[in-house]
Amino acid sequence: MTEPHDHDSQAHGNEHHHHEHVDYGDAILAFRADKDDYFRTGTRSPLPPAEREAFAGLPYFAVDPDLRFEGLTLQPYMRSEPTSFAIPTSDGKLRPANRAGLLRFTVGGVPCVLTAYTFDGGEPGSLFVPFLDGTTGVESYGAGRYLDLDAEHDGTYVLDFNLAYHPSCVYDMRFSCPLTPPENRLPVRIEAGEKLGPH
């Protein structure tokens, strides 16, 4: 695994750089297998050590290629909220952040928009996109799921909900995880990416 984006102290690999000649579904499944292995053995695994040996793998929705959106441009943030603000975290703190712009796409005919954020001191061109949707609080975590986006060579972004992941505080409350701002609640169900298990 490569060095993680440090949104919530959880390690994530280079989700965004699969080559097109690899079958998309196979690439997603390979990424998931790598992540399960990291959760079991990685030095920065978010799982409490006592749970790692018996860890059977993260639960996911089925891979849905229709929930991968290519060629999105980051549009200027034109809403009424301030561009500089602080995101509340799961441990009651505030983390300085910026509203970098808007990403627009359509799910099943329903227009959707998500605000993309950056953190002070974060990687240039890297966006943090947390979201809430119709599965939130039932099949997925109540504080939302996350996406990390890096700009493509042409400056556009790929929004791939099959890579949506839960914050580390799902596994251990010692982690400080940004809570998804209400403006990023989608009016649809996103049945892709990580979901909650039976526990």
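Results, tabulated for the structure shown:
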| quantity | calculated |
| --- | --- |
| Longest site-free stretch - the chain; sites: GluC sites (Glu not before Pro), DSSP loop, at most 10 other Cβ within 10 Å | 54-199 |
| Rounded to whole Hz, the Karplus (6.51, -1.76, 1.60) HN-Hα couplings of region 119-129, x for glycine and proline | 10, 4, x, x, 5, x, x, 9, 10, 9, 10 |
| Global geometry of region 89-199, whether rounded, prolate or oblate, following the gyration tensor of its Cα atoms and the 1.5 cut on a/c | oblate |
| Rounded to whole Hz, the Karplus (6.51, -1.76, 1.60) HN-Hα couplings of region 70-79, x for glycine and proline | 9, x, 7, 9, 7, 8, x, 7, 10, 8 |
| For the chain, calculated [θ]222 nm from helices alone, where every DSSP H run of n ≥ 4 adds -39500 (n - 2.57) | -3500 deg cm²/dmol |
| Alpha-carbon radius of gyration plus Dmax, which is the widest Cα pair, for region 9-165 in Å | 16.5, 48 |
| Interchain or long-range residues, amide H under 5 Å from Asp133's placed H | Leu186 |
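Read the figures in this text as sums done on the coordinates, not as results from a lab. A quick note: this is a predicted structure, and the numbers were derived from the prediction, not measured. Glycine gets a Cβ as well: all are built from the backbone with ideal geometry, and neighbour counts include every protein chain shown.
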